[in-house]
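The values are calculated or read from the model by the stated rules, or taken from the named source; none is laboratory data. Owing to the predicted nature of the structure, the values given are computational and were not obtained by experimental measurement. Glycine also receives a Cβ, built like all others from the backbone with ideal geometry; neighbour counts cover every protein chain displayed.
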Amino acid sequence: MPRDRSIRSVLIIGSGPIIIGQACEFDYSGSQASRSLREEGIEVVLINSNPATIMTDKVTADHIYLKPLTKKSIREILEKHHIDAVLPTMGGQTALNLCIDCDKAGLWQHYGVRIIGVDIKAIETTEDREKFRLKMHELGVGVCKGATATSFLQGKEIAQEIGFPLVIRPSYTLGGTGGGFVNAPEDFDEALNRGLHASPIHEVLVEQSIMGWKEYELELLRDSIGNVIIICSIENFDPMGIHTGDSITVAPAMTLPDTTYQKMRDLAIKMMNGIGKFAGGCNVQFALNPDNYDEIIGIEINPRVSRSSALASKATGYPIAKIAAKLAIGYNLDELKNAITGTTTAYFEPALDYVIVKIPRWNFDKFHGADRKLGLQMKSVGEAMGIGRNFQEALQKACQSLEIRRNGIGADGK
C-alpha cells in the first residue's frame, strides 16, 4: 500500500532532558525519523525540552519547539499548526506518557490528530502491568506468578501470598525507575513505597523473582497489512536481575538453540499482534530458564523504538527508526528499498556474519553517595560497541572503546 497522502504534517514528540536511562538513543531515533518523513515531503513539527540534541538542530525538522513536554505545550502547537498525525514512538517512555495524557484530555480528538506508529490501546496494555499480565494469559504466553497493587496494604497481601524473594516493577516508568528485587520481608516496605511513588498511576507489579535466568530481546517491525520481521536477537551477558541498560549485551544471541529461538520468534510475533494492529517497531524481552530451555517467560513488550533498537540498528545496518517512520505513514515492508544493498527490500531480515558486543559505561565517581550495586534500575551513563569476527574480539574492542584506560580485559595485566 502506498503512503497515506492524507498525512501532510506530523508532530514528533522528543524524549526530554538527558537523564540516566533516557538520552542519546532516542535522539538518534527521533532525528532519523524526522529525516525519513521529510524525504516524503511531509512537514515535520518537533517538540523537545532539551536543546542539546541532534533532533533540535534547525536542519532536522521544519518547525522546532524547545518547550516543556506538557499538555499545554502540545495544545499551543496544535493551535498554531494544522497537524494531521502525531508520532510518539521516537521519544521513549516520556513521549508515550505525554501521548496518553493528551488523549485523555481529548486534545487529539478535538484537533483531528491521528496517532501513528502505535495506538493508545497498545500503550496501555504494555505499560499497565495488570493489563499486560491479562493479555499474556489470553495469548498463552508464560508470565511470572504475581499481581498488581495500587496501595501499600494490597502490596503487602500479595507479597505474603507469593513469598520471598520477589520483584517490584512500577507501571509507566522508564529505565526500571523505582523497581527492584526484595529478598527479605524487612526490606519490602521501603521498596514498595518507592515503587508506588515512582509510578505516575501509583501502581506496581509484585511478582515472583526469576533472578539468574537468561535474558533475551528481539527487535520487530510490522507493517499495516500484518507483515512482521525480526531485525535482531540480543542476548544479555548478565542474567535476570540486572537492567538491560546495565548489562553487557551480545548480538546476535550466541547461546540460544535454534528450536528455542524459533519458539521465541513465534511468541514475540504473537505478542506484537496481540497488543494491537499498528504499523511500527516493537521490542520484546524474554527470560529463559537455564535448566529448562522450554520454559520461556515474557518479561515486557515496548511498542516503540527503544534503547535496544538503536543498538540493533547499528549492529545490523538496518535503519529501524527510519523504516518505522515510513511504515507509520502507510508504506509496507516490501515497498521500501534496503539502502545498503540497493536491490533487496526492507522485508528481508538482516543476517550477521560477525558479532556485536555492547558494554555499559558507569560514572559513579561523579555521583557521590550513589549505590553502586546493579539491579532493576538503570545506572549506566553511556555505552561502547565492539564489532568482531567472534565474541572475544568484539568484547575486547568494546572494552578498549570505553575510555577507562584499559587495553582490553586481561590484555593489559590488570
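Looking across Ser36, Ser31, one residue alone is in a helix (DSSP H, G or I) and closer than 24 Å to Ile19 by Cα. It is Ser31. For first residues located in the stretch 79-98 and farther than 8 Å from Ile13 by Cβ, partners that are charged (D, E, K, R) and assigned to a helix (DSSP H, G or I) and lie 6+ apart or on another chain with Cβ distances below 9 Å form the pairs Gly92/Glu25; Gly92/Arg307; Gln93/Glu127; Leu96/Glu127; Asn97/Glu127. Of the residues that make up the stretch 301-309, is at least one outside the structural domain of Glu39 (by TED's automatic domain parsing) and surrounded by fewer than 21 Cβ atoms within 10 Å (Cβ to Cβ)? No, the stretch 301-309 has no match at all. Could you tell me whether the stretch 111-131 includes any residue that is outside any helix (DSSP H, G or I) and under 28 Å from Leu166 (Cβ atoms)? Within the stretch 111-131 (the criterion being outside any helix (DSSP H, G or I) and under 28 Å from Leu166 (Cβ atoms)), the answer is yes, since at least one residue qualifies.
Of the candidates Phe348, Phe391, the single residue that is farther than 23 Å from Glu25 by Cα and touching a strand residue (DSSP E or B) at 6+ places or on another chain (Cβ under 7 Å) is Phe391.
The rows are residues; the columns are (1) closer than 25 Å to Thr126 by Cβ; (2) more than 21 Å from the chain's Cα centre (by Cα); (3) not aliphatic (A, V, I, L, M).
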| site | (1), (2), (3) |
| --- | --- |
| Ile54 | no, no, no |
| Lys71 | yes, yes, yes |
| Glu79 | no, yes, yes |
| Val86 | yes, no, no |
| Met90 | yes, no, no |
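Within the stretch 320-331, not a single residue is free of Cβ contacts under 8 Å to residues at least 60 places away in the same chain, within 20 Å of Ile234 (Cβ to Cβ) and within 22 Å of the chain's Cα centre (by Cα).
Taken over the stretch 43-58, the residue count meeting the criterion of being surrounded by fewer than 20 Cβ atoms within 10 Å (Cβ to Cβ) and part of a loop (DSSP other than H, G, I, E, B) is 7. In the stretch 58-72, the residues that are in the same structural domain as Asn97 (by TED's automatic domain parsing) and within 21 Å of Gly41 (Cβ to Cβ) form Cβ pairs under 7 Å with partners that are assigned to a loop (DSSP other than H, G, I, E, B) and modelled with pLDDT of 95 or more, at six or more places apart or across chains, as follows: His63/His81.
Counting residues in the stretch 102-124 that are surrounded by fewer than 17 Cβ atoms within 10 Å (Cβ to Cβ) and at pLDDT below 90 gives zero.
Yes/no matrix, rows are residues, columns are (1) within 17 Å of Ala321 (Cβ to Cβ); (2) modelled with pLDDT under 90; (3) of a type in the set (S, T, N, Q):
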residue: Arg8; (1), (2), (3): no, no, no
residue: Pro17; (1), (2), (3): no, yes, no
residue: Glu25; (1), (2), (3): yes, yes, no
residue: Ser36; (1), (2), (3): yes, no, yes
residue: Glu40; (1), (2), (3): yes, no, no
residue: Val44; (1), (2), (3): yes, no, no
residue: Lys71; (1), (2), (3): no, no, no
residue: Arg75; (1), (2), (3): no, no, no
residue: Glu79; (1), (2), (3): no, no, no
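Can you name every residue in the stretch 144-170 that is assigned to a loop (DSSP other than H, G, I, E, B) and among the basic types (Lys, Arg)? Listed by number, the list holds a single entry, Lys145. In this structure, Asp128 qualifies as within 16 Å of the chain's Cα centre (by Cα) and in contact (Cβ under 8 Å) with a residue 40 or more places away in the chain. Ala33 satisfies every condition listed in (1) surrounded by fewer than 23 Cβ atoms within 10 Å (Cβ to Cβ); (2) under 23 Å from the mean Cα position of the chain (by Cα); (3) among the small types (Gly, Ala, Ser) except (1).
Considering only residues in the stretch 186-216 that are in a helix (DSSP H, G or I) and more than 30 Å from Asp101 (Cβ to Cβ), the one that is farthest from the chain's Cα centre (by Cα) turns out to be Glu186.
The criterion of being in contact (Cβ under 8 Å) with a residue 60 or more places away in the chain and either outside the structural domain of Gly382 (by TED's automatic domain parsing) or not in a strand (DSSP E or B) (or both) holds for Met254. When the criteria are applied in full, Ala52 meets the requirement of being over 18 Å from Thr89 (Cα atoms), in contact (Cβ under 8 Å) with a residue 24 or more places away in the chain and of a type in the set (A, V, I, L, M, F, W, C). For the stretch 77-129, which residues satisfy the criterion of being hydrophobic (A, V, I, L, M, F, W, C) and closer than 25 Å to Leu196 by Cα? Ala95, Leu96, Leu98, Cys99, Ile100, Cys102, Ala105, Ile120, Ala122, Ile123, listed by residue number. The test for being modelled with pLDDT under 90 and either buried (at least 18 other Cβ atoms within 10 Å of the Cβ) or of a type in the set (Ser, Thr, Tyr) (or both) holds for Gly179. Cys399 meets the conditions (1) of a type in the set (A, V, I, L, M, F, W, C); (2) surrounded by fewer than 13 Cβ atoms within 10 Å (Cβ to Cβ); (3) touching a residue at least 24 places away in the same chain (Cβ under 8 Å) in every case but one. The failed one is (2).
All of Gly274, Gly281 fail the test of being within 22 Å of Ile115 (Cα to Cα) and touching a strand residue (DSSP E or B) at 6+ places or on another chain (Cβ under 8 Å), apart from Gly281.
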